[in-house]
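Remarks on the structure that follows.
The values are calculated or read from the model by the stated rules, or taken from the named source; none is laboratory data. Just so you know, these numbers come straight off a predicted model, no measurement behind them. Positions of Cβ are backbone-derived with ideal geometry, glycine not excepted, and every protein chain shown enters the neighbour counts. Accessible surface is based on the protein model in full, side chains and every heavy atom, while ligands, DNA and RNA are left aside. Shrake-Rupley method; radii C 1.70, N 1.55, O 1.52, S 1.80 Å.
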Amino acid sequence: QVQLVESGGGLVQPGGSLRLSCAASRFTFSSYVMSWYRQVPGKERELVAAITSTGGSTNYADSVKGRFTISRDNNKNTVYLQMNSLKPEDTAVYYCNAKHPSGRAYWGQGTQVLVSS
């Protein structure tokens, strides 16, 4: 059974940092574009950052550019999201997504990030 397991969420003060991890198993991780999404209650899930299968290209939502960095380690089947200069509006459940060029996609269960003083 395919698994995407997020970790690293929690409570952090404004201006602080967190590093999210998403460990993948039971699929060919290196063939998939990996992304981080986030969602707050009552709103649609939004794309935060994405990275190509080789890690050669990334893209970010305007709201996180310059503060967040997505990376991946294909040897460890893991994708990361380094989040710096966190703001209260970054509070959300963060989800890991894997998408194959064929259209097949998988989601993790999410990890809560709360930015509050």
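Checking residue 18 against (1) under 17 Å from residue 109 (Cα atoms); (2) among the hydrophobic types (A, V, I, L, M, F, W, C); (3) within 12 Å of the chain's Cα centre (by Cα), only one condition comes out false. Which one?
The single condition residue 18 does not satisfy is (1).
For region 1-81, please list each of the strands (runs of 3 or more DSSP E) lying entirely inside it that holds at least 3 residues being modelled with pLDDT under 95. So that I can check it myself, show each step before the final result.
Numbers: elements: 3-7, 10-12, 18-25, 33-39, 46-51, 58-60, 68-73.
Output list is empty.
Looking only at region 1-45, which residues are buried (at least 21 other Cβ atoms within 10 Å of the Cβ) and of a type outside the set (A, V, I, L, M, F, W, C)?
Hits for region 1-45 are 6, 32, 35, 37, 38.
With (1) under 29 Å from residue 116 (Cβ atoms); (2) surrounded by fewer than 17 Cβ atoms within 10 Å (Cβ to Cβ) as the list, and residue 60 as the residue in question, which single condition is left unmet?
Status for residue 60: all satisfied but (2).
Among (1) hydrophobic (A, V, I, L, M, F, W, C); (2) open to solvent by less than 60 Å² (accessible area, probe 1.4 Å); (3) more than 15 Å from the chain's Cα centre (by Cα), there is one condition residue 48 misses while meeting the rest; what is its number?
(3)
Contact list please: Cβ distance under 7 Å, first residue in region 46-71 and farther than 19 Å from residue 8 by Cβ, second residue in a loop (DSSP other than H, G, I, E, B) and of a type outside the set (A, V, I, L, M, F, W, C), pairs at least six apart or on different chains.
Close Cβ pairs (under 7 Å, with a partner that is in a loop (DSSP other than H, G, I, E, B) and of a type outside the set (A, V, I, L, M, F, W, C)) amount to 53/32.
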